Structure formats: structure tokens, C-alpha cells
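The values are calculated or read from the model by the stated rules, or taken from the named source; none is laboratory data. Predicted model, so just to flag it, every value in this text is computed and none were measured. All Cβ positions, glycine included, derive from the backbone under ideal geometry; neighbour counts span all protein chains shown.
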Amino acid sequence: MKTRNINRTLAAGILVTAVALFACKKVMKEVTKEALEETEVTPAASPIAAPGAASPVGTPAINHFTETAALTTTLNALKTKIGGGSVKALEFSIYDTYANLQAQDPSKAAEVNEFKFRAGTVTGPIPVKLSGGGKLDRNLFTLDDVALDKLPAMTAEALEKSKIEDGKITHVIVRRGLPFSPKVVVRVYVDSPRKDGFVEFSETGVIGKINVD
């Protein structure tokens, strides 16, 4: 059984520690969650699989970045696991063949749990430890309000507009754009042997900021 404690800062940017127990091996990651009153920092992220990596043996090959149906299936599985109905999310991380969702507990409004979609199966809930002086509802967003059906178009546009030679999409993170804006942002990350960066989109799929290193 996997156990994991995740700290999240809601309105004060403080240290966040995620600890996972995998076959008696502890893996620790230190990250910081941005918020309205603090400067932006890199959010927590799950390990990034190589772009185009094969699905586990015995499972159909999917690609969330290019197939709307695949992401719809994943979203439906996550929603069902959470309890159905509208989902209030803190952060949704999407990879080519898997995804992680941190969402408010529908029966306990002050709590957030993490759910993982892997090879057609959803695991969770994993409790998320919240910290900071802010209000949870200011950090949450309604998952259904995000035009995730446009994700294939967004990832294609991110590759085009970033102009990163041999660039590949590594992952997508959906959350509020705090501390710069309370609006929901879809951030598409592009990587290559020479450069990397990200392209931001609004929740309706309109392109915004482009950042390339």
C-alpha cells in the first residue's frame, strides 16, 4: 500500500514537502506552492515519463496530448472515483499516458485528496496536507469549466508557437495562475535536447504567455 503526505500552501508561499513510500524506499521532493501574496515558484510535479513512452503491457496505447477521447476517458474515471458530479480541483497534472488530480473532498469541504490515473485504473484518495493562511476555495477551480477537449489543439499550438527545435510535450499543468492572476491557466511544457519552456493558455484554450529558455 502506498502512503503519501503532501503539503500545499494556499495563500502563503512556504515550503512544501511530498513524501512517498515505495517498497520501503523513501523519495522526498521539496517544492513550493505559489499563492496570491507570494512570488511564483515551480509547483510540485510527478516524475515525468519520456514523451511517447509505451503504455504498460496489456493496456491500450493512449495519448492525452493528441486524443480527446483518451483524456475524456481519464477524466470520467477520475470523476467516478471521487464520487461523480462537479469536481473542484486544486491542480490537474496531465502526462501522455497518465494523470494526477488533486481535488476537494466532496463530503469534507476543508480537505483535498490526490488521485492517480495509470493504465486504466484510478488509485486514491491520498490525503493532501494543506498549509498557509489562505482560503482553500480561492485556490480551487471547477474542472468542467476548463476546455480540456481542446487540449490536442493547445499542445499542437504550443509546439508551433514555442519554436523549440525537436520539441516534445512533456506534461500539462492546470491550476489557478497565482500569484499573478486568479484565473485558471493551462500550462503546456515543451522540452528538447537544447531548450525547454512552456506556453500558457486560458481555460477556454486561448494562447497567452510563451516562455522559452
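Would you point out which residue out of Val112, Val87, Val122 is under 22 Å from His171 (Cβ atoms), surrounded by fewer than 21 Cβ atoms within 10 Å (Cβ to Cβ) and of a type in the set (A, V, I, L, M)? Spell out the reasoning first.
On the way: Val112 fails: surrounded by fewer than 21 Cβ atoms within 10 Å (Cβ to Cβ); Val87 fails: surrounded by fewer than 21 Cβ atoms within 10 Å (Cβ to Cβ).
From the options Val112, Val87, Val122, the qualifying one is Val122.
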All positions within segment 156-213 that are assigned to a loop (DSSP other than H, G, I, E, B), of a type in the set (A, V, I, L, M, F, W, C) and in contact with a strand residue (DSSP E or B) (Cβ under 6 Å, 6 or more places away or on another chain) = Ile164
Enumerate the pairs (first residue in segment 74-85 and touching a residue at least 12 places away in the same chain (Cβ under 8 Å) and on the phi > 0 side of the Ramachandran plot; second residue anywhere and assigned to a loop (DSSP other than H, G, I, E, B) and polar (S, T, N, Q)) with beta-carbon separation below 8 Å, excluding pairs fewer than 6 apart on the same chain, so at least 6 apart or on different chains.
-> Gly83/Ser107
Pairs under 9 Å by beta carbon, first residue crowded, with 20+ Cβ neighbours inside 10 Å in segment 156-171, partner among the hydroxyl-bearing types (Ser, Thr, Tyr) and modelled with pLDDT under 95, six or more apart or different chains?
-> His171/Ser46
What are the residues in segment 74-96 that are of a type outside the set (Asp, Glu), over 15 Å from Thr123 (Cα atoms), modelled with pLDDT of 95 or more and not in a strand (DSSP E or B), if any?
-> Val87, Tyr95
Screening Lys195, Lys183, Lys168 for residues that are closer than 24 Å to Ala69 by Cβ and of a type in the set (D, E, K, R) leaves only Lys168
